[in-house]
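Chemist: My questions will all concern the structure given below.
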C-alpha cells in the first residue's frame with residue numbers, strides 16, 4: 001500500500017512540476033482570422049507546442065477583439081495580455097528610433113528599404129528589447145499610399161482639403177502630418193472603415209494589403225502613385241512574460257517565430273505587388289503625380305524629418321546612419 005501511495009505522490013509532484021514550467025502566451029492582433037498572418041502564426045505556435053512538449057502554448061485574439069494597438073499595450077502592461085502582432089510604429093514609446101523605417105518619404109524604392117533593413121533590423125530589435133519587448137524580426141506591411149474616397153489627391157494642397165485620417169493617440173503621426181499643413185481626424189484602426197462609410201474621413205494612407213485585408217478598399221476610389229511611408233508589423237512579447245518560459249524553450253520560440261516572420265516578410269512583399277493590381281481591378285483609379293508635385297511632397301517630408309529631429313522624437317545618430325546607408329544602396 002505504501003508503494004502505491006509513493007507512486008501517486010510521485011505522479012502528483014511530476015504533474016505540479018510540469019504545470020509550473022508551462023506557459024501560455026496570450027497574444028492579440030488586428031489581423032483577421034484566416035489571414036496569412038494568422039495562419040502562419042498559428043502554424044508557428046503549433047510547432048512550438050510540439051517541440052516544447054506542450055510547455056509553451058499561444059492563445060491568439062485576432063481581428064481586433066482586444067482593441068487597437070494602444071488598448072493591447074495597456075492590457076500587456078497590466079498582465080491581461082502578454083504580447084501581440086502589432087504595427088511597428090505602436091512601439092515607438094518603448095524605443096523612439098523604432099520609427100526610423102516610418103519617416104515620411106525616407107525611402108523611395110523597395111531596394112532602399114531592403115538595404116537599410118538589412119543593416120538596421122538588429123539595432124531596432126535590440127532597442128525594443130531594452131525597452132521591454134522581445135521581438136522576432138519584422139514583416140513588412142509595405143509602402144503606404146494616399147487613398148481617397150471622394151476626390152483625387154495629387155498635391156499637398158489637395159491633401160489639405162481632405163478629411164485625412166491618422167491613428168488615434170499617435171502623437172508622432174500627428175506632428176508629421178501637421179508639418180504638411182493638414183489637420184487630421186484621429187480614429188482607432190477598427191473605426192476607419194465606418195469612418196469612410198459615413199464620410200467622417202475621406203482620405204487614408206495605407207499599404208495595399210492593409211487596405212484589402214481591412215476592407216477599406218471598398219470605399220476607395222483613388223490612389224496616389226507615390227509611396228509616402230513604409231510600414232511593418234512585429235510579433236512582440238513583453239520581456240517579463242517571455243522570461244517565464246524555460247531558457248531552452250525561449251530559444252525554440254525565438255528560432256521558430258523568427259523563421260515565420262522572415263517567411264511573412266517575403267510573402268508580404270509579393271502580396272503587396274498583387275494587391276496593387278487587385279485594387280486597380282476593383283476600379284480604383286491610380287493618380288500619377290507630376291514631377292513638380294513629387295518635389296513638393298519631398299520638401300514637406302524633409303521638413304517633417306527635421307521637426308522630429310528638433311523635438312527629439314528620433315535620434316540624430318540613427319538618421320545619420322540611415323542617410324549613409326542610403327548612399328550605399330546598389331544602383
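Chemist: Taking into account only those residues within the range 162-193 that are in a loop (DSSP other than H, G, I, E, B) and over 17 Å from the mean Cα position of the chain (by Cα), which is farthest from residue 92 (Cα to Cα)?
Modeler: 162
Chemist: Just one of the numbered conditions (1) in contact with a helix residue (DSSP H, G or I) (Cβ under 8 Å, 6 or more places away or on another chain); (2) under 24 Å from residue 286 (Cα atoms); (3) surrounded by 17 or more Cβ atoms within 10 Å (Cβ to Cβ) is not true of residue 81; which one?
Modeler: Failing condition for residue 81: (2).
Chemist: Show me the helices (runs of 4 or more DSSP H) entirely contained within the range 213-331 in which 3 or more residues are over 23 Å from the mean Cα position of the chain (by Cα) and at negative phi.
Modeler: Qualifying helices (runs of 4 or more DSSP H): 247-281, 291-310, 316-328.
Chemist: Name the one entry in 44, 67 that is outside any strand (DSSP E or B) and within 16 Å of the chain's Cα centre (by Cα).
Modeler: The conditions single out 67.
Chemist: Which residues, counting only those in the range 218-227, are touching a strand residue (DSSP E or B) at 6+ places or on another chain (Cβ under 8 Å) and crowded, with 21+ Cβ neighbours inside 10 Å?
Modeler: Those that are touching a strand residue (DSSP E or B) at 6+ places or on another chain (Cβ under 8 Å) and crowded, with 21+ Cβ neighbours inside 10 Å: 220, 223, 224.
Chemist: Quick one: in the range 186-213, of everything that is surrounded by fewer than 16 Cβ atoms within 10 Å (Cβ to Cβ) and in contact with a strand residue (DSSP E or B) (Cβ under 7 Å, 6 or more places away or on another chain), which residue is farthest from residue 145 (Cα to Cα)?
Modeler: 200
Chemist: Quick one: what pairs do we get from the range 183-194, first residue closer than 25 Å to residue 157 by Cα, second part of a helix (DSSP H, G or I) and modelled with pLDDT of 90 or more, C-beta under 8 Å, 6+ apart or different chains?
Modeler: These pairs meet every condition: 185/195; 187/195; 192/216; 193/216; 193/218; 193/219.
Chemist: Exactly one condition in (1) surrounded by 19 or more Cβ atoms within 10 Å (Cβ to Cβ); (2) in contact with a strand residue (DSSP E or B) (Cβ under 7 Å, 6 or more places away or on another chain); (3) modelled with pLDDT of 90 or more; (4) not in a helix (DSSP H, G or I) is not met by residue 101; state its number.
Modeler: Among (1) surrounded by 19 or more Cβ atoms within 10 Å (Cβ to Cβ); (2) in contact with a strand residue (DSSP E or B) (Cβ under 7 Å, 6 or more places away or on another chain); (3) modelled with pLDDT of 90 or more; (4) not in a helix (DSSP H, G or I), residue 101 violates only (4).
Chemist: If we scan the range 146-161, do we find a residue that is surrounded by fewer than 20 Cβ atoms within 10 Å (Cβ to Cβ), outside any helix (DSSP H, G or I), free of Cβ contacts under 8 Å to residues at least 60 places away in the same chain and in contact with a strand residue (DSSP E or B) (Cβ under 6 Å, 6 or more places away or on another chain)?
Modeler: Looking for residues that are surrounded by fewer than 20 Cβ atoms within 10 Å (Cβ to Cβ), outside any helix (DSSP H, G or I), free of Cβ contacts under 8 Å to residues at least 60 places away in the same chain and in contact with a strand residue (DSSP E or B) (Cβ under 6 Å, 6 or more places away or on another chain), one finds none in the range 146-161, hence no.
Chemist: Checking residue 31 against (1) modelled with pLDDT under 90; (2) part of a helix (DSSP H, G or I): exactly one of these is not met. Which one?
Modeler: It is condition (2) that residue 31 fails.
The values are calculated or read from the model by the stated rules, or taken from the named source; none is laboratory data. Keep in mind the model is a prediction, meaning the values are calculated, not measured. Neighbour counts are summed over all protein chains in view; Cβ atoms, including those assigned to glycine, are modelled from backbone coordinates with ideal geometry.
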